[in-house]
Each structure stands twice: as structure tokens, then as C-alpha cells.
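Since the structure comes first, as C-alpha cells, the remarks are kept for the end.
Every number in this text was worked out from the coordinates using simple rules, so none of it is lab data. Please read all numbers here as calculations on a predicted model, not as lab measurements. All Cβ positions, even for glycine, are placed from backbone atoms using ideal geometry, and neighbour counts span all protein chains on display.
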Amino acid sequence: MNVADLVASLRESRGFRHKTDIAGVVDSLAQHLPHGAHDLDQAVALGDDCAALVDGDGYLLFAIEGMVSDFLTAMPWFAGYSSVMVNVSDIYAMGGRPLAVVDALWSDGIGAAQEVLAGMAAASVAYGVPIVGGHTNTRSDAAQLAVSIVGRANALLSSFNAKPGDSLMMAVDLRGRFEEPYPFWNASVDAPPARLRGDLECLPYLAEKGLCDAAKDISMAGTLGTALMLLECSQVGARIDLARIPAPDNVPFERWVTAFPSFGYLLSVRPEHVDAVQKQFDARELACAVIGTVDDTREVVLHRQQDAATLWDFRREAFIVPKDGGQ
């Protein structure tokens, strides 16, 4: 597949479509607030993985994730596991450490909820994050699940701190497998819990040592959609080399760049810190590479050798941040 065809496929993908819906939701909410989008900016910027509220000498982090209903119905245990896992990832993506989660679960009977709850409990144990409460309705005709998390950070990694001249780096755990037929790359369930927790500690370490201040976890939009979210929030652009993206063997590239890995992060790193950041992930046997360069064009260009195409031009269209929101 040439780069132009890849761009066309990405722009029509489910992950991209879900993310572009965010701008409309934020804009709609802002229309009903007294001061519009500015009311949404008073505590935190819109577009980060968590709300980050100043709290003493650090930050209280607050996030929520919902599971799509077809996934919940087809794979209840793994959906429950993932609901905790992705929230934990959001906290670490901000340079923080998780404190606790709560859930809201709807099911048709307690029997239908048991596998979901078992998956949540397994992730809670693996990541060392307690489930401290929530809301349950076992008399619903539809399966639904949302999980919220709180955490704390001493220093932030933010989607708003990428700068022109930065190296765009990707860190990902390739020691996994797809949960068929979904785009979920599972490098968590069979991993030793101590290794999972140690790998995640790379993120707050980088923030607290001043080696990085801009990052985002790779979400349902995949590697390239997540890059768009990070770059748009920072009002920058980038040129991304597809050949440098770390990828597992024997997985089609087009599928890999739309995958949601259980451990996957993009970081925008000042050039003088690239080697130090690389060493942290190398020491944990995590794949890490510079995949592009951040610039001031507000345009994201993908290339593979001489084959290149524009993935997104923020000057012409928003991805997740409405024109008057997010800053």
C-alpha cells in the first residue's frame, strides 16, 4: 500500500472517526456554558489523557474510559481487564501514578456481569490499583461499562508541550498478540505484574528527571491518530517516517498502525534528551525509536523513502480540538 492509500484508509477508520467526534462534543458543551469554551479551560486544557488539577506541589489526575458495547458483549473478561488497563495507561501517560478506580456497570443479570468483574479484578491485581467503588445495574437490557481513575503526578507529561525541533519517539511493548478480531494488541495479560509496573514507571521517571514533558498513550486512533492528537494540542506539525515505526514481525503494517497496544506511548523529546530517553526503554526491553521530527508547519506528513502524503492539515480542519477550544 502506498502512503496516499494508507492516508485514505486511516481517515476512514473507526478509530479516527471516534476521535474526530470529540471536537463536536466539546463544541456542543461549550455552547451551553456562560463563557463558552473558556469555561472548559479554567482548570485544565482539553485534549490531554487526563484532567490535571493543581494540588499542592503536584497534580491530581482524573480520567475515564468507556468500553464499546460490541467488545463488551463479545469479550467480557478482556473488556473488563482493558477498562482498568487503559485508565492506568492514561495516568502514566501524564507522568503520574494511579491511586484507585471506580466503575459504572450495566448488565442483564449478575451472571452477565461476572466475567466483566473478573477481568477488572485481574487487572486491578496486576497493576496494583484498587477498585474502591462504583455503580452497578444488573437489570439492564444492554451491557455497558465505564471506569474512572484518579492518580497523582509530581511533574506532568502533557499533549500541549511538543515543540518544533523535537524528536517524535514511539515506545511500545512488542511482546504480545492481537485479541482477534479486534485491533487490541495484548502485551499485558500474560506478562509478570512486576514487569508491567516497572515498565510503566519509565513515564513518571522521565517527567520527574526533566527528560520529557510531552507524551500521549497510543489509543484507539492507533499510532498515527494519536500523533495527530498530540501535535494538534501543541499547535505544531511533524514529518513521520513510516519505516521507523517499531512493529512486530508478521503483522500487516496497515493493521499495526491502527492497533491499540496495551503499552504504547508517543513522546515529543528535545534533541539533547533523546539518548537518555532511549536508554530507559532499552533497559526494560521495550521497543523504542525516533519516528519523526516535530516542526511548525501545523501539517502532518507521512513518508516512506520518497513516497509521501499529508495525513492532516490542522490549518484546514480540526482533529479533536475545536477551532476556539482546547487552549
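Arrange His135, His303 by Cβ neighbour counts within 10 Å, fewest through most, would you?
On the way: His135 10, His303 15.
Ordered by Cβ neighbours within 10 Å, fewest first: His135, His303.
For the chain, what value does the Rg/Rh ratio take when both radii are computed over Cα atoms and Rh is the Kirkwood radius, given to two decimals?
On the way: Rg = 19.0 Å, Rh = 20.0 Å.
Rounded to two decimals, Rg/Rh equals 0.95.
For a footprinting-style exposure proxy, rank Asp173, Asp49 by other Cβ within 10 Å, fewest first. Intermediate values should be presented prior to the final figure.
On the way: Asp173 24, Asp49 28.
Exposure proxy ranking, most exposed first: Asp173, Asp49.
Pairs of alpha-carbon atoms within less than 8 angstrom and 6+ residues apart define the contacts here; what relative contact order does region 50-153 have, in percent? Mind showing how you got there, number by number?
Details: 227 pairs, mean separation 43.1, N = 104.
That works out to 41 percent.
Report the Stokes-Einstein translational diffusion coefficient (µm² s⁻¹, integer) for region 66-158, Rh taken as the Kirkwood radius over Cα pairs, at 4 °C with viscosity 1.567 mPa s.
On the way: Rh = 13.3 Å.
The Stokes-Einstein estimate is 98 µm²/s.
Looking at the chain, how many pairs of lysines come closer than 29 Å at the Cα, when each pair is eight or more places apart or spans two chains?
10
What ranking of Val101, Val116, Val251 emerges when the number of other C-beta atoms within 10 Å of each C-beta is taken as an exposure proxy, fewest first?
Values: Val101 28, Val116 24, Val251 14.
If I rank by nearby Cβ atoms, fewest first, I get Val251, Val116, Val101.
Taking GluC sites (Glu not before Pro) as candidate sites, keep only those in a DSSP loop with at most 14 other Cβ atoms within 10 Å, then name the longest stretch of the chain containing none of them.
On the way: sites that count: Glu12, Glu201, Glu285, Glu317.
Excluding the exposed sites themselves, the longest stretch runs over 13-200.
If you average the C-alpha positions of region 47-92 and of region 171-223 separately, how far apart do those two centres end up, in angstrom?
Going from one Cα centre to the other spans 13 Å.
Could you size up the charge dipole of the chain around its Cα centre, putting +1 on the beta carbon of Lys and Arg and -1 on that of Asp and Glu, and report it in debye to the nearest 20?
Numbers: 25 positive and 42 negative charges, 57 e Å.
The calculated dipole for the chain is roughly 280 debye.
Among Gly210, Leu286, Ala243, which residue has its Cα positioned farthest towards the positive end of the charge dipole of region 178-327, with +1 placed on the Cβ of Lys and Arg, -1 on the Cβ of Asp and Glu, and the dipole taken about the Cα centre?
Result: Gly210, furthest along the dipole toward the positive end.
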